[in-house]
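Derivation of every value follows stated rules applied to the coordinates shown; laboratory data play no part. On a predicted model such as this, the values are computed, not experimentally measured, just so you know. Cβ atoms come from the backbone with ideal geometry, glycine included; neighbour counts cover every protein chain shown.
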Amino acid sequence: MEVFCNISMLFHIVLIFLVISSAASQDASSPQPDSTAAPTSDMPSINYYKAHGFLLWIAFGVLFPMGILLSRYGQGRLPHSHHVHASIQMLAVACGTAGIVIALKNFNALDSLHAKLGLALGCLIWTQSILGVIRPIRGACWRPQWYFLHWLFGTTAVVLGWYNIFQGLNLFVSDWPDDGSQRALYIIFSVQVALIAFAYLLLERWHHLKLQAIKDLNNTQLTTLAKDHRGETNA
């Protein structure tokens, strides 16, 4: 486990270095003016906004929720689920960091609520990464405190990330109101959030749904099965 943590940290650092270097080189180039951009002389190209939004959507709309669901419901069911969870979360942090770097290097309106939440989320996901690296073994004296903080930071990051994506869509549509297709993003992302919430609720009750098909279970057997289920999902 210690070897895996060291390899994970090295891989994490390499990923972040690559995405930051890529964002820096993109900023150094001189993009051609975009005909769909609002007629403001000091406004960055719309491509920066699209890249920023896409990276943050991948991080908080896809990878982080996927990693959380895998960690909670994959333990004991999927091989090497913890390692896969860590890899997905590292990729999410890399995408999120790249999106934040693009914003810091190209956007001027960093005093908005969207920008402040974005910076706070950047600090939060890096703190969460550090917590993941120093994960104590089960049974350690401070494992309960670590588990609570890891759960709290992860859940907070995803929920605030979803909220901030909607905030970003508000800014995006207001800056380029002529592109009507952008408004469809509200519906698409709302449906996505609803599907993720439904998947979470379904997986949370899946064990109990399966128990409904088993006859003649006494209270002791139900308690044992429930403990086994919690042991698998909370590893």
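A few notes on this one:
- Here the relative contact order of segment 47-183, from alpha carbon pairs under 8 Å that lie six or more residues apart, stands at 29 percent.
- Kirkwood hydrodynamic radius of segment 45-151, from inverse mean 1/r over distinct Cα pairs, in Å: 15.1 Å
- 14 Å beta-carbon shell around TRP146, net charge (K/R +1, D/E -1): +3
- Ranked packing of 117-125, 99-107, most packed first, by mean Cβ within 10 Å: 99-107, 117-125
- Segment VAL159-ARG205, extension gain: residue separation times 0.36 nm, minus the distance between their alpha carbons: 14.4 nm
- Computed packing ranks the peptides 47-60, 155-168 as 47-60, 155-168, most packed first, by mean other Cβ atoms within 10 Å.
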